[in-house]
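Each value in this text was obtained by applying a stated rule to the coordinates, not by laboratory testing. Because the structure is a prediction, the values reported are computed rather than measured. All Cβ positions, even for glycine, are placed from backbone atoms using ideal geometry, and neighbour counts span all protein chains on display.
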């Protein structure tokens, strides 16, 4: 098990995504709003090393944001 303790995995959570032309991106300023392709109740996508592994939802607990895994994503064999 000690070998597993030294393995690092990059975990990221995606709320949604948007595609913007570069000239729109360059015009964004403080307070700009980017419309995402997701709704507020849609599950978030959880990635490990850029591979989708699960979906989840946000929960607030004692002032902290938490991501709770609600579904594991199984890769087809």
**Study point:** Residues located in the stretch 36-57, provided they are surrounded by 12 or more Cβ atoms within 10 Å (Cβ to Cβ) and within 13 Å of residue 16 (Cβ to Cβ)
**Key:** 36, 38, 42, 43, 44, 45, 55
Check your understanding: Among (1) loosely packed, with under 10 Cβ neighbours inside 10 Å; (2) in a loop (DSSP other than H, G, I, E, B); (3) at negative phi, which single condition is residue 26 missing?
Key -> (2)
Study note, to complete from the structure: Checked 60, 33 against criteria (surrounded by fewer than 10 Cβ atoms within 10 Å (Cβ to Cβ) and either outside any loop (DSSP other than H, G, I, E, B) or in contact (Cβ under 8 Å) with a residue 40 or more places away in the chain (or both)); the one match is 60
